[in-house]
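Some notes on the structure that comes next.
The values are calculated or read from the model by the stated rules, or taken from the named source; none is laboratory data. Small disclaimer: the values here were computed from a predicted structure and weren't measured. Quick reminder, even Gly has a Cβ in these numbers, built from the backbone with ideal geometry, and neighbours come from all protein chains shown.
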Amino acid sequence: MQLSADDLSYLSQCAIRAATEAGALIASRSTESVAVEHKAGGDTLASQVVTEVDLLSDAAIIKILQPSCKRYDLALLTEESSDDHARLQQDHFWCVDPLDGTLSFIESLPGYAVSIALVSRAGEPLIGVVYDPVTATLYSAVKGQGVERNGEPWCHVPSGDTPLLTLISDRTLESRSDFPQLLQRIETMATQLGFSGVTTLHNGGAVMSACWGLEHGPGCYFKLPKTEPGGGSLWDFAATAALFNEMGAVASDFYGQPLELNRAESTFMNHRGVIFATEQRVATELMSQLQPFFSNYTPEIS
């Protein structure tokens, strides 16, 4: 089914309602002690933990999105349900992370969010909605209709003539034995590009890490290619890819190609890595300068 601009606007409102209601639920439980369980996931703790709040958020979102699935013949993929591969058959699918950044939520740290995207069968993000329960901030984007932040048009405006480059890091990156060398490489790169230095933010999930790149731009966030399953999944990057695309920023893999957001082989994104950057020149240099840190890896060819 082909979706018109009006269809996308309507579906965006469905996603916004689902994200805000789920976000309110999460916020209401943020000061409670929650039981933590483990599930099959990638190779990091962040991909393996789940709480009752994840599941309650998932159920709330599905309840709101289900009528649109019937009306528009949409498939549905969420982190907390098994992949039935309907996304490979239907023209479009909802891609949902009901609580990204569960570790941050458990530790009562900022960095968790609700993420909902509408993705075409070809893997193009058409709608992206992110809700941050900590700050009650809503980010939304519709292909061809721009980006909004709390309902107002939003565009990235660099600050200063020689601003700092913000690197949004995460636990996986910082746990690498060669992280000091990698950080030094980025600091040198930033200076060569004319930035006055590098500042870092960390401890967020993938969704808020990308959003922080926009909030604190010029900024970048990335996941290096690797052979082990992991590196984030479709639902970690689909909504923010829509935001970055509409912002005129960069959401790509480490080989300069658009993110493959409907892989038949797996929902994991480790095969080619992920880059979010507010400027193309930053993304281009990251692709080049960080190759030594994954040089022993041969990417899958799609």
Problem set entry | Selection within the range 82-123 - within 13 Å of the chain's Cα centre (by Cα) and farther than 19 Å from Leu259 by Cα | Pro98, Leu99, Gly101, Gly111, Tyr112, Ala113, Val114
For this session: Could you tell me whether the range 267-284 includes any residue that is part of a loop (DSSP other than H, G, I, E, B), of a type in the set (S, T, N, Q) and either over 24 Å from Pro98 (Cα atoms) or in the same structural domain as Gly146 (by TED's automatic domain parsing) (or both)?
Result: yes
Exercise. Which of the residues that make up the range 275-296 are within 16 Å of Val250 (Cα to Cα) and without any contact (Cβ under 8 Å) to a residue 60 or more places away in the chain?
Worked result: Ile275, Gln280, Thr284, Met287, Ser288
Exercise. Is it true that Arg149 is basic (Lys, Arg) and in contact with a Lys or Arg (Cβ under 9 Å, 6 or more places away or on another chain)?
Worked result: no
Seminar exercise, completed: Of the residues in the range 273-284, those that are touching a strand residue (DSSP E or B) at 6+ places or on another chain (Cβ under 9 Å) and not polar (S, T, N, Q) come to Gly273, Val274, Ile275, Phe276, Ala277, Glu279, Val282, Ala283
For this session: Just name the residue that is modelled with the highest pLDDT out of those in the range 1-31 that are hydrophobic (A, V, I, L, M, F, W, C) and part of a loop (DSSP other than H, G, I, E, B).
Result: Leu3
Exercise. Which one of Gly151, Gly146, Gly101 is closer than 25 Å to Leu3 by Cα and in contact with a helix residue (DSSP H, G or I) (Cβ under 7 Å, 6 or more places away or on another chain)?
Worked result: Gly146
For this session: State whether one or more residues within the range 91-105 are outside any loop (DSSP other than H, G, I, E, B), surrounded by fewer than 17 Cβ atoms within 10 Å (Cβ to Cβ) and outside the structural domain of Asp253 (by TED's automatic domain parsing).
Result: no
Exercise. So, in the range 61-76, of the ones that are crowded, with 20+ Cβ neighbours inside 10 Å and under 22 Å from the mean Cα position of the chain (by Cα), which residue ends up nearest to Val114 (Cα to Cα)?
Worked result: Ile61
For this session: Kindly indicate which of Cys220, Cys211 is part of a strand (DSSP E or B) and buried (at least 24 other Cβ atoms within 10 Å of the Cβ).
Result: Cys220
For this session: Output the residues belonging to the range 196-208 that are buried (at least 20 other Cβ atoms within 10 Å of the Cβ) and either of a type outside the set (Gly, Ala, Ser) or assigned to a helix (DSSP H, G or I) (or both).
Result: Leu201, Ala206, Val207, Met208
For this session: Looking only at the range 226-261, count how many residues are in a loop (DSSP other than H, G, I, E, B) and either crowded, with 24+ Cβ neighbours inside 10 Å or among the aromatic types (Phe, Trp, Tyr) (or both).
Result: 7
Exercise. Only one of these conditions is not met by Gly144: (1) over 20 Å from Ala277 (Cα atoms); (2) of a type outside the set (Lys, Arg); (3) loosely packed, with under 14 Cβ neighbours inside 10 Å. Which number is it?
Worked result: (1)
